[in-house]
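Scroll down for the structure; my scribbles are underneath it.
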Amino acid sequence: MRYPWLAAGVLVTAILACGENTGDTEPGPISTSRVNSIGRTLPPDAAPLDQQVFRVMSPEPRTLDATVNLYDTEGTILPFETLLKRDENWDPVPAGAETYSVSEDGKTWTFLLRPGAKWSDGRPVTAHDHVYTFRRRLDPETANPYAFFFYDLKNAKPLSQGTMTDMTKLGVRALDDLTLVIETEQASPYLPYIVSFGDVYPVPRWQVEKFGRKWTMPENIVSNSGFKLAEWTTGTRMVFVPDPNYNGPHKPYLEKVIHPFRESATSTILAYENKEVDVETVDITDLSRIQNDPQLKPGLTRVPARASWYLFFRTEQPPFNDIRVREAFTRAINRDVITRVILRDTAVPAYSMIPPGFKDYADSTFKSEQGFNPARAKQLIREAGYPNGRGFPKQELWLRAPTPSLQLVAEAMQGMLKEHIGISVTIRAADRSVYMNNLYNWRMNLGLIIFVADYVDPRNMLDMIWRSQPMGYGRQDWSNDIFDRIVIEAAAELDPAKRSQLYRQAERTLVNDYAGGFVFHPDNIELRRPWVKGNKLDRHGKPSPIDFTRIYIGKR
């Protein structure tokens, strides 16, 4: 994916870390009132209720309906609750469902929904809402580019691709209003991770059928999390407030979340310096100034991204149908220079797809195949018929809404390719929608893109991205029968040790066939206000993405 920060139905992109705000002024003395507007008691060190306001920026979404196209939401805040949510360790915990169980064969999952749960319009949230939403996201008419995320569900793939038409055959059914059953094609021990992903929430059928794609407009939206949309001023901002109808375990402390809009490519820390936001993403171009500023430096926070940046190739057409060309491009990239010099040690070199934060992370194992080796790169490009790059067809290196630091990375790679194999590429930037449309329709020969883990299981980074899919359903045209066979077997394996071994074999196949040139695994660098309280550290003692249902504004 793509987009990975979620908390109780609130999703924030890997590029943007969410923050919390006190308004345009700093917190004052502690309030005598200890209960917020929805009845949650504030912590003892909380600021007054009128200061429980939090601001965070990201691009303006085209819609808040991530269930049919998550890329249209631009990774903004989503006021919806999933069956399970992700804790600070990315482990699934109860949310819309109180409990769940699985059959002995690992193929039938039963979720018991929380009694009394309501939509923001007061209607009950039921298992039937989930059934409707799963069918909708897999209906070919919705053209959901992330439909493959759900192909584990029984009959999901043929229904999504139109070879089966009866949606009642999808392996999702309601036994009653509070009991949801999900059946999978094979044993799927990772299913709780899938339903804890922030986009896997139900939608209100009555609003969708009445307003179509406009159902999330401010005058039409109905939601089911601890927050609801109170304002959407086009081109300016959104505002979210606590929903008094919410009866779940993730009630917020905050009284308001203000979400100003800005384009990701124009991200700077100016708004943070002007006290307009409480958390801000830091681009590498600003890092030195922050580190030398005693007022800003204490707020620097490094959050594991669990992500991989990689080069992709169109492998079914010349010149990248030649494995020697793909390897030459991969070997010409000096990852140490990119991570140490350009990215200022805010990333580590990547030699495969699985990033740090996964128990199966073992990048160094693949360094011999993917590591920088300019002599071999030069030899390979000569053997492929392009000595010193002569005769190599012109290529564009596509970037998706690049930040200043990503532009620097691309320019460095451009220079390395020219220096080491004599090949000139031009850099082409596109906005998210244009880029993703071209990506899924295989119109780009060469591109640099990130995939941020949706959940911490190897299947997410390997099977979902690299397993063969037809045009329109897969990110790239690379296909390898051995890889496909291994990841299919691994996905259904219930023995954890054997499963890890299979995924290691699949990863080696991916690397050795140069399906991609893996470049770096980033961390997210943020500025966070010291009065943003309540967020937890993960089991390794590292900061986690901000959880809107936990944070509050503390006194100074």
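Where a number appears in this text, it was derived from the coordinates with a stated rule and is not lab data. The shown structure was predicted, so the numbers you read here are calculated from the model rather than taken from an experiment. Note: ideal-geometry Cβ built from the backbone for every residue, glycine included; neighbour counts use all protein chains shown.
Remarks
- Cα-based helix-to-principal-axis angle, 127-138 vs the chain, degrees rounded to 10: 30 degrees
- On the basis of the beta-carbon distance and an R0 of 51 Å, Thr168 and Arg376 show a calculated FRET efficiency of 0.40.
- Each peptide among 195-203, 297-305 gets the average number of other Cβ atoms lying within 10 Å of its residues, and from highest to lowest they stand as 195-203, 297-305.
- Under-5 Å amide H pairs with Ala429, H placed in peptide plane, nonlocal only: Leu399
- Applying Stokes-Einstein at 10 °C and 1.306 mPa s to the Kirkwood radius of the range 416-480, computed over alpha-carbon pairs, gives a translational diffusion coefficient of 115 µm² s⁻¹.
- In the range 5-258, the convex hull through the Cα atoms has an average projected area of 14.0 nm², a quarter of its surface area.
- Paramagnetic label reach from Asp177 (point 7 Å along Cα→Cβ; backbone nitrogen cut-off under 14 Å): within the range 113-144, residues 113-119, 122-129.
- Cβ-placed point charges (K, R +1; D, E -1), dipole of the range 350-429 about Cα centre in debye, nearest 20: 220 debye
- Residues within the reach of a label modelled at Lys394 (point 7 angstrom out along Cα to beta-carbon, backbone nitrogen below 19 Å), restricted to the range 431-453, are 443-447.
- Sites Glu231 and Glu383, calculated FRET efficiency, Cβ-Cβ separation with R0 56 Å, nearest 0.05: 0.35
- The chain: mean projected area of Cα convex hull, nm²: 24.2 nm²
- Convex hull of the range 116-255 built on C-alpha atoms - directionally averaged projected area, nm²: 9.7 nm²
- Nearest 10 degrees, 0 to 90: helix 404-421 Cα axis against the chain principal axis: 10 degrees
- If you take the Cα centroid of the range 303-372 and the Cα centroid of the range 489-528, the two points sit 12 Å apart.
- Above-threshold pairs, the threshold being 25 Å between Cα atoms, out of Lys297/Lys533; Lys85/Lys555; Lys256/Lys536; Lys498/Lys536: Lys85/Lys555; Lys498/Lys536
- Calculated P(r) tail over 23 Å for the range 307-523, as whole % of Cα pairs: 43 percent
- Rounded, prolate or oblate (a/c below 1.5 giving rounded, otherwise prolate when a/b exceeds b/c) for the range 333-459 by Cα gyration tensor: oblate
- Computed across the range 50-145, the Kirkwood hydrodynamic radius from all distinct Cα-Cα pairs reaches 16.0 Å.
- Separation of the range 128-145 from the range 439-473 is 21 Å, based on Cα centroids.
- At 0.890 mPa s and 25 °C, Stokes diffusion of the range 237-333 via Kirkwood alpha-carbon radius, µm² per second: 133 µm²/s
- Working note: 222 nm ellipticity from helices only, DSSP H runs with n ≥ 4, each -39,500 (n - 2.57), summed and divided by the residues of the chain, gives -6000 deg cm²/dmol to the nearest 500.
- Note on the range 308-417: dipole from Cβ charges, positive end direction compared against Ala377, Ala410, Leu397; the farthest Cα belongs to Ala377.
- Order of Ile182, Ile427 - criterion: other Cβ atoms within 10 Å of each residue's Cβ, fewest first: Ile427, Ile182
- Full-stretch length increase - Lys367, Lys275 - with 0.36 nm per residue and alpha-carbon distance subtracted: 28.7 nm
- Percent of beta bridges antiparallel (DSSP, the chain, rounded to nearest 5): 85 percent
- Hydrodynamic analysis of the range 363-416 uses the Kirkwood radius over alpha carbon pairs. Inserted into Stokes-Einstein at 10 °C and 1.306 mPa s, it gives a translational diffusion coefficient of 118 µm²/s.
- Loop-resident sites, the range 360-399, for trypsin sites (Lys or Arg not before Pro), counting at most 13 other Cβ within 10 Å (DSSP): Arg390, Lys394
- Amide H contacts of Glu81: Asn224, Ser225, each under 5 Å away and 5 or more positions distant or on a separate chain (H built 1.01 Å from N in the peptide plane; Pro and chain starts excluded).
- Reference-scaled alpha-carbon Rg (2.2 N^0.38 Å with N residues) for the range 177-260: 1.35
- Karplus-based coupling profile of the range 159-175, in residue order and whole Hz: 5, 5, 8, x, 7, 10, 10, 8, 5, 5, 7, 4, x, 9, 8, 9, 6, with θ = phi - 60° in 6.51 cos²θ - 1.76 cosθ + 1.60 and x standing for Gly or Pro.
- Taking Cα centre as origin and charging only the Cβ of basic (Lys, Arg, +1) and acidic (Asp, Glu, -1) residues, the dipole magnitude of the chain rounds to 680 debye.
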